[in-house]
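Shown next, in structure tokens, is the structure this report addresses.
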Amino acid sequence: MALRFAYNTNGAANHRLADAIALIAEAGYDGIALTLDFQHLDPLEEGWVARTEALARELRTRRLGCVIETGARFLLDPRHKHEPTLLTPEPAGRARRIAFLQRAIDIGNILQAEAVSFWAGVPRPGVDRGEAGEWLLEGLAQVTDYATRRGVTPALEPEPGMLVETLDDWARLQPHLPGLTLALDLGHCLVTQEREPPAAVREFAAQIGTVAIEDMRRGDHTHLPFGEGDMDIPACLDALEEVGFARLVCVELSRESHRADRMIPQSLDWLRHCREGDTR
């Protein structure tokens, strides 16, 4: 089975969404990973339904699949990165994050997205981690239930530095939330150094809702272009093929927007040829 690749729009933040989609489609990708944010599809702005429906028509015309990403830095709070989260002490803050994730699920439903990806958040200083874990479970239950009713796959991403940081953290949560899948960022395995990325693919194959891929150095959470880090990308692709992964594999180069015109086509070319031994 041939792998299907997407490119995350957080790596094309200096382009209009229509222009980014055109670049992604012309390069030969099979889909987009759409990071909901102010400069592309703002889920909080009036008229979001009409814009989403127009986007759905464009994606169908271009025969592109879609994954929804929700990692925008300042969309909900212009003064505090990623806040509020599912761990915010104030109930109103947690409710705002849940409402945002439910809106992302609504957008995913309109776009027929393969998954909606999100993360737990970082506990604020002084917050008891046990209490934060209870808030997290409450919020995830609401989000997962909403996604199930809307026919959308919810996927929680272990994120370095967050309350759910490792695959083991995710695995401890999952029995309480049977509808929740794993958003597996292969580079994060190198940051936490818990498992080799290909091993993670094989171990969690049946539970993966979406996959992100990039290069990364061990212990350093910096998304790098392919060939610039320590990731054994060919081995990762081999593992994804071995387990029959049929969903989009999403290239995430969030620091490369200033040269997206080059990185979008170059990244796909690298992935297509990296197992031929001519990319390094």
Problem set entry | Charged-residue dipole, Cβ positions (Lys, Arg, Asp, Glu), the chain about Cα centre, Debye nearest 20 | 620 debye
Seminar exercise, completed: For Phe5 the rounded accessible area (nearest 10 Å², probe 1.4 Å, non-protein molecules ignored) is 20 Å²
Seminar exercise, completed: Candidates Val143, Val211, Val49; GNM for the chain (alpha-carbon contacts under 10 Å) flags as most fluctuating Val49
Seminar exercise, completed: Taking a crude spin-label model, label points 7 Å out from Cα along the C-beta direction, the Leu44 to Asp168 distance in nm is 3.6 nm
Seminar exercise, completed: Once normalised by the length of the chain, the mean sequence separation of its alpha carbon contacts under 8 Å that are 6 or more apart gives a contact order in percent of 21 percent
Problem set entry | Carbon and sulfur %, accessible surface of the chain computed with the full protein complex present, 1.4 Å | 46 percent
Exercise. Once a ≥ b ≥ c are taken as the square roots of the eigenvalues of the Cα gyration tensor of the stretch 87-230, is the result rounded (a/c under 1.5), prolate (a/b larger than b/c) or oblate (a/b not larger than b/c)?
Worked result: oblate
Seminar exercise, completed: For the stretch 149-165, Karplus-derived ³J(HN,Hα) couplings (6.51, -1.76, 1.60; θ = phi - 60°; whole Hz; x for glycine and proline) come out as 5, 8, x, 10, 7, x, 9, 8, 9, x, 10, x, x, 9, 4, 9, 9
Problem set entry | Dimensionless Rg/Rh of the chain - Kirkwood Rh, Rg from C-alpha atoms | 0.94
Exercise. Which of the peptides 74-84, 177-187 is most tightly packed, and how do the rest follow, going by the mean number of other Cβ atoms within 10 Å of each residue?
Worked result: 177-187, 74-84
Seminar exercise, completed: Longest the chain segment clear of GluC sites (Glu not before Pro) sitting in DSSP loops (not H, G, I, E or B) with at most 10 other Cβ atoms within 10 Å runs 47-280
For this session: Any chance you could list the semi-axes, whole Å, largest first, of the equivalent ellipsoid that the Cα gyration tensor gives for the stretch 91-168, using √(5λ)?
Result: 23, 14, 10
Seminar exercise, completed: Of Gln39, Gln112, Gln102, the most mobile residue in a GNM of the chain (C-alpha springs, cutoff 10 Å) is Gln39
Seminar exercise, completed: Applied in sequence order to the stretch 171-185, the curve 6.51 cos²θ - 1.76 cosθ + 1.60 (Karplus, θ = phi - 60°) yields integer Hz couplings, x standing for Gly and Pro, of 5, 6, 7, 4, x, 7, 9, x, x, 8, 9, 9, 8, 9, 8
For this session: Might you tell me the accessible area per residue for the chain, computed with a 1.4 Å probe and given in Å²?
Result: 43 Å²
For this session: Return the calculated 222 nm mean residue ellipticity for the chain, to the nearest 500 deg cm²/dmol, obtained by summing -39500 (n - 2.57) across DSSP H runs with n ≥ 4 and dividing by the residue count.
Result: -13000 deg cm²/dmol
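The values are calculated or read from the model by the stated rules, or taken from the named source; none is laboratory data. What you see is a predicted model; the values in this text were computed from it and never measured. Glycine also receives a Cβ, built like all others from the backbone with ideal geometry; neighbour counts cover every protein chain displayed. Quick note on the areas: whole protein, heavy atoms, side chains included, nothing else; ligands and nucleic acids left out. Shrake-Rupley method; radii C 1.70, N 1.55, O 1.52, S 1.80 Å.
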